[in-house]
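Each remark here refers to the structure printed beneath this line.
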Amino acid sequence: MEAHVLSAIALIVISPFIGSFLGTVIRRLPEKRSLLLGRSECEHCHRKLSGRDLIPIVSWIAARGRCRHCGAAIAAFYPAVELAALAVALWSLAVTPGWIAWAGAGLGWTLLTLAWIDQRHYLLPDALTLPLGIAGLAVAWLIDPGRLLQHAVGVVAGYGGFAGLAWLYHRVRRRSGLGGGDAKLLGALGAWVAWWGLPTVVVYAAASGLVLVLAQAARGQRVALGHRLPFGPHLCLGGWLVWLYGPLLPN
């Protein structure tokens, strides 16, 4: 079997296990709990879970979504993250070749985690955004060392652009608009898509946010100008699409 086929199979096989770890990160990181210490346990009866309870997707289906000790329902959050991680890997394999598919999957998994945390907590942890930027520069250098400067400029432009916009908004409106985490995330995305990809990231993110607001209004939810909307998930979606398919205007 050819090496690239084995590589693709390996990525697919490990992705639900990565998703299981991402679920731990999503739950524990905002609470500043250890990601590596402490065994998984039932949230209701607090019985420690064994290996048979921790097989991604399979264990949840086999247990019919319930703890086998106390019978309490296990949130669908866990298989949802595992399936999402698998979807990211398959998407990356479908669009990008060779080792870049692995790099893309790593980007997608990190963006998935950031989006989920921001949606829940209005938080984009530095522990994820800063390493993401460093990884983006490393991948850019491995792909084409000659374009590393453009990716470094993307970091500065992404962070500086949003930080400046946030300062201006606060100056005019006397309240916060964009969070510092959004600026750091856009800077990290600049490391992956270079400066010329950033406008498309912002366009996609704005369009995604607008679609969400219109959908909320259509469902009868109250929508106001000062309504708080986590922008991180939309930036993550925009960055992922630009990484895979490039900017709207070619560089």
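Restricting 87, 105, 94 to residues that are at pLDDT 95 or above and touching a helix residue (DSSP H, G or I) at 6+ places or on another chain (Cβ under 8 Å) narrows the list to 105. Among the residues of the range 151-174, not a single one is in contact with a helix residue (DSSP H, G or I) (Cβ under 7 Å, 6 or more places away or on another chain), part of a loop (DSSP other than H, G, I, E, B) and open to solvent by 70 Å² or more (accessible area, probe 1.4 Å). Restricting 72, 80 to residues that are open to solvent by less than 60 Å² (accessible area, probe 1.4 Å), more than 20 Å from residue 245 (Cα to Cα) and touching a His at 6+ places or on another chain (Cβ under 9 Å) narrows the list to 72. Being in a helix (DSSP H, G or I), loosely packed, with under 14 Cβ neighbours inside 10 Å and β-branched (Val, Ile, Thr) is a property that residue 202 lacks. Yes or no: residue 102 assigned to a helix (DSSP H, G or I), open to solvent by 60 Å² or more (accessible area, probe 1.4 Å) and within 17 Å of residue 14 (Cβ to Cβ)? Here the answer is yes, as residue 102 does meet what is asked. Within the range 23-65, the set of residues being hydroxyl-bearing (Ser, Thr, Tyr) and at pLDDT below 75 comprises 40, 50.
The values are calculated or read from the model by the stated rules, or taken from the named source; none is laboratory data. Since the model is a prediction, treat every value here as computed from it, not as a measurement. Using ideal geometry, Cβ is built from the backbone for each residue, glycine included, and neighbour counts are taken over all protein chains shown. The area values use the complete protein model at the heavy-atom level, side chains included, leaving out ligands, DNA and RNA. Shrake-Rupley method; radii C 1.70, N 1.55, O 1.52, S 1.80 Å.
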